[in-house]
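Trainee: Quick one: this structure, given as C-alpha cells, is what I'll be asking you about.
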Amino acid sequence: TLVTAGIYLLIRFNMLLIDMFFFKFLLLLSGLTMFMSGVSANYEFDLKKIIALSTLSQLGLMMSILSMGLPELAFFHLLTHAMFKALLFMCAGVIIHMMNDNQDIRFMGGISMYIPMTSLCLNISNLALCGIPFLAGFYSKDLILEMVSMSNLNMLIFFLNYFSTGLTMFYTIRLLMYLMINDYNLFSVYNLYDEDYVMLKSMFLLLFMSLITGSFLMWMIFNYPYMVYLSFNMKMMVIYVSLIGLFMGYLISNMSIYSLNKFLMTYSF
C-alpha cells in the first residue's frame, strides 16, 4: 500500500490528466523505469533489493498502462500485484531471518530442502509475478500487454513493455536457481531452524489469494469485457517472451559457480 500510494493517487486523478502532454512524457518515463529496474534486478545479489527492484518494475508497468488512458487496468494490476508481492516479501523475510540476517543470495542455496513450505510460497508468488498463465499476475499483465499491442503507439514503447516482461522472467529464474537449485552452501547451517508456523498461516492465505484473485477481480472490476482482437502470434507474444526469458535466465544461471557474478562473464563475448 505504501509503495503504490502515488500510483493510486494518479489513478484517482486520472480524469484531470487525460489528453495532456504530460501523459505522453509519463509513458516514456514509466517504460524506462520498467526497463532499467528489470536490468538492475539482474545484476543484484541482495535478496531484498531484487524484490524491491521487481516492485519498481511493476510500478513502471502500472504507470505506463495508466498513461495510455486505462486506469481500471492499472488498478487491477495494482491489486493483483499486491497479493503476490506481499507474499514474496514475507517469504524473503522468513528466509533472511533463517539465514541469520544475511541477505546475500550467493550464501543461500538448497533452501527448499530445509524450509519447503516457505519455498513453495516463494516460488508460486514469483511465478505469479512472471505472469505464468492462470495465476494472478497473468490476467492483469497479459491484458495490459495486449492493450499495448492494440494501441497505436510507436515501436519503442512496445519493445520496452515486452522486453521488461522478459526481464521479469529472467531475474525470477535467476533467484530460483540461486535459492532452490544450488547446492547447500553450509554458510549458516546452524541457523536453519524449522518452518515459522506463525508466518505460514498468513502466507498460505496470501498464497490462496495469489492463485484465485486474478480471475476473481477480473469478474469483479470490469463491468464489460475488453474486446481484444489480435493475430495468433500477437496473442501468444507474452508466452513467447516469458519462455525466452526463462530459457535465458536458466542459461545465464548455469554459467559458473555461486560467488562469481554471472554477468561479468558475458563481457568477454
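Trainee: Scan the stretch 234-252 and give yes if some residue there is open to solvent by 30 Å² or more (accessible area, probe 1.4 Å), of a type in the set (A, V, I, L, M), modelled with pLDDT of 85 or more and not in a helix (DSSP H, G or I), otherwise no.
Mentor: Taking the stretch 234-252 and keeping what is open to solvent by 30 Å² or more (accessible area, probe 1.4 Å), we get 234-237, 239-240, 243-244, 246-248, 250-251.
Those left that are additionally of a type in the set (A, V, I, L, M): 234, 236-237, 239, 243-244, 246, 248, 251.
Filter once more, so that each one left must be modelled with pLDDT of 85 or more: 234, 236-237, 239, 243-244, 246, 248.
Retained after the next criterion (residues that are not in a helix (DSSP H, G or I)): 236.
Yes, the stretch 234-252 has at least one match.
Trainee: Inside the stretch 239-255, can you point out the residues that are of a type in the set (S, T, N, Q) and over 21 Å from Ser149 (Cβ atoms)? First the steps, then the outcome.
Mentor: Of the residues in the stretch 239-255, the ones of a type in the set (S, T, N, Q) are 242, 253-254.
Hits for the stretch 239-255 are Ser253, Asn254.
Trainee: Where the second residue is open to solvent by 50 Å² or more (accessible area, probe 1.4 Å) and of a type in the set (Lys, Arg) and the first is under 20 Å from Leu73 (Cα atoms) and lies in the stretch 222-246, which pairs have Cβ atoms under 8 Å and are six or more apart or on separate chains?
Mentor: Val228/Lys235
Trainee: Let me ask something else about it. Which of the helices (runs of 4 or more DSSP H) contained wholly in the stretch 1-111 include at least 2 residues that are within 26 Å of Leu211 (Cβ to Cβ) and open to solvent by less than 10 Å² (accessible area, probe 1.4 Å)?
Mentor: Values: elements: 5-12, 14-17, 21-43, 47-67, 71-98.
Here the list reads 21-43, 47-67, 71-98.
Trainee: Any chance you could count how many residues in the stretch 137-176 are within 18 Å of Val39 (Cβ to Cβ) and of a type in the set (A, V, I, L, M)?
Mentor: 7
Trainee: Separate question: Does Ile96 count as in contact with a helix residue (DSSP H, G or I) (Cβ under 8 Å, 6 or more places away or on another chain), at negative phi and in contact (Cβ under 8 Å) with a residue 60 or more places away in the chain? Spell out the reasoning first.
Mentor: On the way: in contact with a helix residue (DSSP H, G or I) (Cβ under 8 Å, 6 or more places away or on another chain): yes; at negative phi: yes; in contact (Cβ under 8 Å) with a residue 60 or more places away in the chain: no.
Answer is no for this residue.
Trainee: Counting just the residues of the stretch 206-220 that are open to solvent by less than 50 Å² (accessible area, probe 1.4 Å) and within 14 Å of His77 (Cα to Cα), which one comes out nearest to the chain's Cα centre (by Cα)?
Mentor: Step one: filter the stretch 206-220 for residues open to solvent by less than 50 Å² (accessible area, probe 1.4 Å), giving 206-207, 210, 213-215, 217.
With the extra rule that they be within 14 Å of His77 (Cα to Cα), the set shrinks to 210, 213-215, 217.
Values: Ser210: 13, Thr213: 16, Gly214: 14, Ser215: 18, Leu217: 19 Å.
Looking at the filtered set, the residue picked out is Ser210.
Trainee: Going through Asp142, Asp104 one at a time, which residue ends up being touching a strand residue (DSSP E or B) at 6+ places or on another chain (Cβ under 7 Å) and touching a residue at least 12 places away in the same chain (Cβ under 8 Å)?
Mentor: Numbers: Asp142 fails: touching a strand residue (DSSP E or B) at 6+ places or on another chain (Cβ under 7 Å).
Answer to the selection: Asp104.
Trainee: Show the residue pairs that are 6+ apart or on different chains and have beta-carbon atoms under 7 Å apart, the first residue being within the stretch 146-163 and outside any helix (DSSP H, G or I), the second being not small (Gly, Ala, Ser).
Mentor: Final answer for the pair search is Ser151/Met68.
The values are calculated or read from the model by the stated rules, or taken from the named source; none is laboratory data. Everything quoted here is computed from the prediction, not taken from an experiment. Glycine gets a Cβ as well: all are built from the backbone with ideal geometry, and neighbour counts include every protein chain shown. Ligands, DNA and RNA are excluded from the accessible area calculation, which covers all protein heavy atoms including side chains. Shrake-Rupley method; radii C 1.70, N 1.55, O 1.52, S 1.80 Å.
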